[in-house]
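The values are calculated or read from the model by the stated rules, or taken from the named source; none is laboratory data. These numbers come from a predicted model, not from an experiment. Every residue, glycine among them, receives a Cβ derived from its backbone with ideal geometry; neighbour counts consider all protein chains shown.
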Amino acid sequence: MNNSSKQPMALITGVGPGVGTSLVHRFAEGGYRVAMIARDADRLAELEAAVPGAFAMPCDVTDAQALKQVIDDIGAPQVVVHNAVGGSFSPFQEIDPAVLQKNFEINTMALLHLAQMVSPAMIEAGEGAIIVTGNTSALRGKPNFAGFAPTKAAQRILAESLARDLGPKGIHVAYLVIDAVINVPWARKMFSEAADDFFIQPKSIAAEVFHLAHQPKDAWTFLSEVRPYHEKW
């Protein structure tokens, strides 16, 4: 799909019904063609039909060959948002090591593969952005998060390494820590007694990602954090 359109392209992984969908809408509204990656081909097809300029590229981000095929098909994106996430929550004694490995493949290795694939064209152009959505687990480990937090912490450190390498070459790498419960149906059910302002809205996250991707070169942020105004931290 090496499209010759003059519109910039954004590649977004993890296009689920919450943050991923909001990211697609925000970048489409911002004038981008949006390549959408997720495993759920039906959901992507629905979004493709609903959002002008968005197109479905069903793919498992842990499959490096499939990911490379997507990049080959779409051409060089100007912005990449790694929003795919793998998580598990249980006492460390009960963790299946294979689950931790799978989460590492999604959260960290997929970021490495993406960066290796998209950065050469960005370096040649002298510009581009790679934005990673993270969460509080990237900063600290808590009970029942041993199958998840290590992979997000590794993801954050990898992103920092990328930022220090690619920044002087004109590519902005940023890591967004989402220190909040996201307003999605399963979270609403889990926190059924919570008020509306307990949650962070997916649209608000998408707006911050878009902002990070468009910061001027004299004022780049690497580590950004968002949380509701009364969140304890």
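Of all residues in the range 157-194, those satisfying the criterion of being closer than 19 Å to residue 231 by Cβ and in contact (Cβ under 8 Å) with a residue 12 or more places away in the chain are 175, 176, 177, 178, 179, 180, 181, 182, 183, 184, 187, 194.
Yes/no per residue for (1) within 22 Å of residue 17 (Cα to Cα); (2) of a type in the set (Lys, Arg); (3) touching a Leu at 6+ places or on another chain (Cβ under 9 Å):
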position: 160; (1), (2), (3): no, no, yes
position: 184; (1), (2), (3): yes, no, no
position: 196; (1), (2), (3): yes, no, no
position: 204; (1), (2), (3): yes, no, no
position: 209; (1), (2), (3): yes, no, yes
position: 214; (1), (2), (3): no, no, no
position: 221; (1), (2), (3): no, no, yes
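Among the residues of the range 46-72, the ones that are closer than 18 Å to residue 122 by Cβ and among the charged types (D, E, K, R) come to 2 in all. Among the residues of the range 138-160, those identified as out of contact with any strand residue (DSSP E or B) (no Cβ under 9 Å at 6 or more places or on another chain) and among the polar types (S, T, N, Q) are 144, 151. Among all residue pairs at least 6 apart or on different chains, which show Cβ distances below 7 Å where the first residue, located in the range 124-151, is touching a residue at least 40 places away in the same chain (Cβ under 8 Å) and under 20 Å from residue 111 (Cβ atoms) and the second is β-branched (Val, Ile, Thr) and assigned to a loop (DSSP other than H, G, I, E, B)? Every condition considered, the pairs that remain are 147/95. Condition check for residue 127 on (1) surrounded by fewer than 18 Cβ atoms within 10 Å (Cβ to Cβ); (2) at pLDDT below 90: one failure, at (2). Looking across the range 24-45, the residues that are within 14 Å of residue 56 (Cα to Cα), in a helix (DSSP H, G or I) and in contact (Cβ under 8 Å) with a residue 24 or more places away in the chain come down to 24, 25, 28, 43, 44.
The residues of the range 175-220 that are assigned to a helix (DSSP H, G or I), within 13 Å of the chain's Cα centre (by Cα) and either among the aromatic types (Phe, Trp, Tyr) or over 20 Å from residue 30 (Cβ atoms) (or both) amount to a single one, 210.
Hey, among 129, 163, which residue is more than 20 Å from residue 62 (Cβ to Cβ) and outside any helix (DSSP H, G or I)?
Result: 129 is the single residue among 129, 163 that is more than 20 Å from residue 62 (Cβ to Cβ) and outside any helix (DSSP H, G or I).
Within the range 90-124, the set of residues being surrounded by fewer than 19 Cβ atoms within 10 Å (Cβ to Cβ), at pLDDT below 95 and either of a type in the set (Asp, Glu) or assigned to a helix (DSSP H, G or I) (or both) comprises 92, 93, 94, 96, 97, 98, 99, 100, 101, 102.
Using beta carbons and a limit of 9 Å, which pairs, at least six apart or on different chains, have the first residue in the range 212-223 and modelled with pLDDT of 95 or more and the second one surrounded by 10 or more Cβ atoms within 10 Å (Cβ to Cβ) and among the charged types (D, E, K, R)? Correct list of pairs: 217/127; 222/160; 222/164; 223/156; 223/160.
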